[in-house]
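Heads up: the structure comes next, in structure tokens.
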There are 2 protein chains.
Amino acid sequence: MNRDDIPSVLLSNAVGEFNKLPGIGSKTALRLVLHLLNQNETEVKKFTSSLTLLKENVKFCSVCQNISDTPICTICSNSSRLQYQICVVESIRDVMAIEKTMQYKGLYHVLGGIISPMDGIGPSDIAIDSLIHRVNEWPEGELIFALPATMEGDTTCFYIHKKLDSPRIRFSTLSRGIAIGNDIEYADEVTLGRSIVNRTPFNVYSHK
Amino acid sequence: MNRDDIPSVLLSNAVGEFNKLPGIGSKTALRLVLHLLNQNETEVKKFTSSLTLLKENVKFCSVCQNISDTPICTICSNSSRLQYQICVVESIRDVMAIEKTMQYKGLYHVLGGIISPMDGIGPSDIAIDSLIHRVNEWPEGELIFALPATMEGDTTCFYIHKKLDSPRIRFSTLSRGIAIGNDIEYADEVTLGRSIVNRTPFNVYSHK
């Protein structure tokens, strides 16, 4: 749907704004805007004000940079979690995904991006200094890298490792391998190769 | 992504609002909201105000009910279009789709819905009276039904036909058949059957 085909400038503007969102093409944008146009004024007001309120009042945890309604997020302020274990992630969506597994009991650090010289993102543009500051206060502990398996993700891991390298700190990274339920013959070569090199000890009890 | 997994009420509310849109699941809603959260305040303001402006100032053509920035839309006020030919459609999206084909030179009438007793939509809930009023003023003309090929669409056609039945008015409906480019063997039986019953005269010149 070309914007010239839309018979109203107001409609066309709203469609254009939706069209800017990731994964929303112009046809979907039109469908969403017309849906909202069919709602009563209170509903549309609720929709727009939820965004305005979020943008104006959003807070990020001063410790881990996760999104939070309080100055320190519920994870960082939970004293029953392991205090000397930090999982380093790119975005708050990664925190939500890992929390959902209910397998992790440590803390997080949200970088808010990864080092990517191609996009002009250097170490000072993401939350690395605050991470170093946190870890330097530890007696000892573990840093778990949960960053993308890309050139940029690896670069970020190497940079942080170099900055923090000390016998006090253990470094680990998420295991890469064949997804549970996937057939071995269909796994890509890199993943399959990595899963052989990084094979894990067989354990009758964890092998459900 | 369950809303309980989202660490902020403000974020959760905005995700909930996006989640109400048709075809937007909770994971996509989260992705869209986080994208907007990453934009600067001006961009978010532009997004929300485009919707508010649309909702507050939207106008519909007083003749055909199409969306319009003027009291009478550009199609209805275009005197070079056929004045005694009306294409009856369900929504303004149908107008845009037909206009895009550039094959139609008459006017439109947007019903704003179709008769659907299951959903409690009767003839008085959609713009049928204004259509009858328009057609009754004609010396003669043609009404083209471009409504969905469903029970509700057919009911709406029958209702309007009964109300307006007169030798002055020709009635027609969009042709149904096998889409151009589709294989005959893969067409569904109802469509294929309809395309045989409603076969059209073969014309060397229109057969490109």
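The values are calculated or read from the model by the stated rules, or taken from the named source; none is laboratory data. Because the structure is a prediction, the values reported are computed rather than measured. Don't worry about glycine lacking a Cβ; one is built from the backbone with ideal geometry, like all the others, and counts go over all protein chains shown.
For the stretch A:67-80, a residue qualifies if it is at the interface with chain B (Cβ under 9 Å from one of its Cβ atoms) and touching a residue at least 12 places away in the same chain (Cβ under 8 Å), and the qualifying residues are A:Ile67, A:Cys73, A:Ile75. When B:Ser80, B:Ser62 are checked against the criterion of being outside the structural domain of B:Lys162 (by TED's automatic domain parsing) and among the small types (Gly, Ala, Ser), a single residue qualifies: B:Ser62.
Total residues in the stretch A:13-47 satisfying the condition of being hydroxyl-bearing (Ser, Thr, Tyr) and buried (at least 20 other Cβ atoms within 10 Å of the Cβ): the figure is 0. Could you tell me which residue of the stretch B:65-124 is surrounded by the fewest Cβ atoms within 10 Å (Cβ to Cβ), considering only residues that are in contact with a strand residue (DSSP E or B) (Cβ under 8 Å, 6 or more places away or on another chain) and of a type in the set (Lys, Arg)? Per the stated criteria, the residue is B:Lys105.
Return yes when A:Phe47 is without any contact (Cβ under 8 Å) to a residue 60 or more places away in the chain and either closer than 22 Å to B:Cys73 by Cα or in contact with an Asp or Glu (Cβ under 7 Å, 6 or more places away or on another chain) (or both) and no when it is not. Reasoning before the result, please.
Values: without any contact (Cβ under 8 Å) to a residue 60 or more places away in the chain: yes; either closer than 22 Å to B:Cys73 by Cα or in contact with an Asp or Glu (Cβ under 7 Å, 6 or more places away or on another chain) (or both): yes.
It is true that A:Phe47 is without any contact (Cβ under 8 Å) to a residue 60 or more places away in the chain and either closer than 22 Å to B:Cys73 by Cα or in contact with an Asp or Glu (Cβ under 7 Å, 6 or more places away or on another chain) (or both).
Under the condition of being within 23 Å of A:Leu37 (Cα to Cα) and at the interface with another protein chain (Cβ under 8 Å from one of its Cβ atoms), the residues counted in the stretch B:26-36 number 7. Just one residue in the set B:Asn136, B:Asn198 is surrounded by fewer than 16 Cβ atoms within 10 Å (Cβ to Cβ) and within 27 Å of B:Ser68 (Cα to Cα); that residue is B:Asn136. Once the stretch B:47-66 is narrowed to residues that are facing another protein chain (nearest Cβ under 7 Å) and of a type in the set (S, T, N, Q), the residue that is farthest from the chain's Cα centre (by Cα) is B:Thr48.
Of the residues A:Gly16, A:Gly23, which is facing chain B (nearest Cβ under 8 Å) and at positive phi? Walk me through it before giving the result.
Values: A:Gly16 fails: at positive phi.
Selected residue: A:Gly23, the only one of A:Gly16, A:Gly23 that is facing chain B (nearest Cβ under 8 Å) and at positive phi.
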